[in-house]
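Scroll down for the structure; my scribbles are underneath it.
The values are calculated or read from the model by the stated rules, or taken from the named source; none is laboratory data. For clarity, every value in this text was computed on a predicted model and none was experimentally measured. Please note: Cβ atoms are built from the backbone with ideal geometry, for glycine as well, and neighbour counts cover all protein chains shown.
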């Protein structure tokens, strides 16, 4: 007796690229965070069949939705003798300046939306600290220097996912520190800033 089940259709490289491009559009429209994009790109490039590709975007609209007011992108984040935390869903502008003077700033880009294919973050830490967490698989470039301070590039050296946005971090630390590290999302709460920091919403 013949098997009536049809074989699954294999996905092509071009179909994977189209699916990845669609995900980037959903990122800029605010439907996905950087962490969600990274996880879905992993699945897209690992997909062998069209059904597996469709499963990645099943909960996203096929056509662009009518324009809606987007969350205001953060251009300046300033902590003076205080603290700033961005760890819930937030919008990162194409160019963002972060200043910590005798204070601290914690930015978790895994929960961030991004407006375009790349973003630039300029950091100034004066007797303070700036901690930036990025999702694994993101293309990150860190440059800068410290004067009686330090700039730490702790981003995973693995190959960046095709289609992932690029983040450029320019840092200067004067008797302070700037740290950029990659990490997968966890529910442990280990990435939260110390309670001693006053958080600004």
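Among residues of the stretch 72-92 being assigned to a strand (DSSP E or B) and exposed (fewer than 15 other Cβ atoms within 10 Å of the Cβ), the one that is modelled with the highest pLDDT is 80.
Contact map, the stretch 17-29: first residue in the same structural domain as residue 162 (by TED's automatic domain parsing), second residue part of a helix (DSSP H, G or I) and loosely packed, with under 14 Cβ neighbours inside 10 Å, Cβ cut-off under 8 Å, separation 6 or more or different chains; the map is empty.
For the stretch 99-116, a residue qualifies if it is under 24 Å from residue 38 (Cα atoms) and part of a strand (DSSP E or B), and the qualifying residues are 105, 106, 107, 108, 112, 113, 114. Counting only strands (runs of 3 or more DSSP E) that fall entirely inside the stretch 118-186 and contain at least 2 residues that are within 16 Å of the chain's Cα centre (by Cα) and under 14 Å from residue 107 (Cα atoms), the qualifying elements are 118-126, 129-134, 166-174, 177-182. If I filter the stretch 9-33 down to residues being closer than 14 Å to residue 54 by Cα and in contact with a strand residue (DSSP E or B) (Cβ under 9 Å, 6 or more places away or on another chain), which single residue comes out as surrounded by the most Cβ atoms within 10 Å (Cβ to Cβ)? Ranking the qualifying residues of the stretch 9-33, first place goes to 11. Taken across the stretch 141-163, residues that are closer than 20 Å to residue 119 by Cα, surrounded by 15 or more Cβ atoms within 10 Å (Cβ to Cβ), in contact with a helix residue (DSSP H, G or I) (Cβ under 7 Å, 6 or more places away or on another chain) and modelled with pLDDT under 95 do occur, with at least one present. Kindly evaluate residue 178 against the criterion of being modelled with pLDDT of 50 or more and farther than 26 Å from residue 22 by Cα. It is true that residue 178 is modelled with pLDDT of 50 or more and farther than 26 Å from residue 22 by Cα. Within the stretch 8-44, being part of a loop (DSSP other than H, G, I, E, B) and more than 14 Å from residue 110 (Cα to Cα) holds for 8, 9, 11, 12, 29.
Okay, residues lined up against (1) under 25 Å from residue 132 (Cβ atoms); (2) modelled with pLDDT of 85 or more:
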{"residue": "1", "(1), (2)": "no, no"}
{"residue": "33", "(1), (2)": "yes, yes"}
{"residue": "37", "(1), (2)": "yes, yes"}
{"residue": "59", "(1), (2)": "no, yes"}
{"residue": "100", "(1), (2)": "yes, yes"}
